[in-house]
Structure formats: structure tokens, C-alpha cells
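Pasting in a structure now, in C-alpha cells, and then I'll have a few things to ask.
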Amino acid sequence: KLGKVVERFPNVLCYAVENMEEHVEFLLNKVGVREDKLGKVVERFPQVFSYALKSMNARLEFLRSVGVPEDQLGKVVERLPQVFGYALESMGGKLELLLSVGVPEDQ
């Protein structure tokens, strides 16, 4: 599957190892991605290495602000690592739509 990662995102070969290690540490320690799921996260979204950690942290803060529990952040990212590539405004708009159709806010 390594070939598939390189095929989907050849720029991954251009990143410094130190940069990639920082991202791995962030995903494991700040996000809570389980170590046995990390490879799948990278396989599904190798572009994760291209985002600034500050930007990734902003997406985590957004998820927290809408009620995603801290211990579930890793699972959200395991299911949808592309969340790091979404515009914050777009995510907010989608949540507003969910509220408008009757999905209740957390109490």
C-alpha cells in the first residue's frame, strides 16, 4: 500500500523526515489516533503531512467546540482524516444545516 500512498500524493517524498515525525507525534499524542490505525489514516489521506500543525489544531478546536469529546477526536480522524483539509467556514455551514433540520445541539 506504500505505492498507493506515493501514487496518490507523490509530494510525500519531498517532506523532511523531521516534519513527518512531528505530524506523526501530533496525530498520536494530540489527536489521539490509535497507533494501529495510524497507517490507515496516512494511507487514506497522505496529504495530512502537508498541513501546518497550527491549521490542524484549529480543526481540532472546531471539533471540540461543537461537542466532540476529547477521547473521541482520534476516532473521528481515523474515520475521516480529510477533516484536516476542510475549510472551517464550510464545516460550520454544514453544522448550521444539521441544526436547521432538527438535529439537536448537545445539552
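Nearest 500 deg cm²/dmol is fine: what mean residue ellipticity at 222 nm does the chain get from its DSSP H runs of n ≥ 4 alone, each adding -39,500 (n - 2.57), divided by its residue count? List each step's numbers first, then the result.
Working: 6 runs with 59 residues, N = 107.
The helix contribution divided over the chain gives -16000 deg cm²/dmol.
On a 0 to 90° scale, report how tilted helix 35-44 is relative to the longest principal axis of the chain, with both axes built from alpha carbons and the result rounded to the nearest 10.
So the helix axis and the longest Cα principal axis differ by about 90 degrees.
How high is the relative contact order of the chain, in percent, counting Cα pairs under 8 Å that sit 6 or more residues apart? Don't skip to the answer; put the middle values down first.
Numbers: 73 pairs, mean separation 31.3, N = 107.
Computed value for the chain: 29 percent relative contact order.
Along the charge dipole of the chain, Cβ charges K/R +1 and D/E -1, which of Val6, Ser50, Val76 sits furthest on the positive end?
Going by the Cα projections, it comes out as Val6.
Can you divide the C-alpha Rg of the chain by 2.2 N^0.38 Å and report the result to two decimal places?
This ratio for the chain stands at 1.15.
Over the alpha carbons of segment 51-98, what is the largest minus smallest coordinate on each principal axis, giving the biggest first in Å?
26, 23, 17
For a quick check of understanding: with a 1.4 angstrom probe and all protein chains in place, what accessible area in square angstrom does Ser65 have, to the nearest ten?
90
Another one. From the alpha carbon gyration tensor of segment 5-48, can you work out the equivalent ellipsoid semi-axes (sqrt of 5 times each eigenvalue) and give them in Å, largest to smallest?
Values: eigenvalues 65, 34, 8 Å².
Taking √(5λ) for each eigenvalue gives 18, 13, 6 Å, largest first.
Next question, about the same structure. Report, in debye and to the nearest 20, how large the dipole of the chain comes out about its Cα centre when Lys and Arg carry +1 and Asp and Glu carry -1 on their Cβ.
Using Cβ point charges on Lys, Arg, Asp and Glu, the chain gives about 380 debye.
The values are calculated or read from the model by the stated rules, or taken from the named source; none is laboratory data. Everything numeric in this text was worked out from a predicted model, so none of it was measured. Note that we place each Cβ from the backbone using ideal geometry, even for glycine, and neighbour counts take in every protein chain shown. Quick note on the areas: whole protein, heavy atoms, side chains included, nothing else; ligands and nucleic acids left out. Shrake-Rupley method; radii C 1.70, N 1.55, O 1.52, S 1.80 Å.
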